[in-house]
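Below: one structure, written as structure tokens.
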């Protein structure tokens with residue numbers, strides 16, 4: 001599966017690695033003005049989640065249910081997961097601010 005961030009419409013798309021066909025989509029329930037919609041960080045895929053950073057929040061989507069599991073408010077420019085399972089979020093709007101979330 002390949003996970004693609006689509007701007008129009010603003011959504012995460014799961015596509016087949018074989019033929020590129022659309023398998024499922026997810027759209028954030030957070031309603032942002034169109035000028036604030038966008039993705040600030042490339043998605044990260046774990047065993048059970050796809051995590052993506054937008055201009056307004058970071059979202060975790062369950063790979064089996066295709067539903068949002070949690071949201072962390074605030075924009076993200078970079079997402080990194082450590083070998084210990086800690087997600088680090090670099091905040092776009094607050095340079096030097098890093099948020100850490102334990103994924104275990």
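Below 8 Å between Cα atoms, with a sequence gap of 6+, how large is the relative contact order for segment 2-102 in percent?
Across segment 2-102, relative contact order equals 15 percent.
For segment 2-102, go through all pairs of different Cα atoms, get the mean of 1/r, take its inverse, and jot down that Kirkwood value in Å.
Final number for the Kirkwood radius of segment 2-102 is 13.9 Å.
Only the coordinates and a few stated rules stand behind these numbers; no lab work does. Since this is a predicted model, take the numbers as computed values, not measurements.
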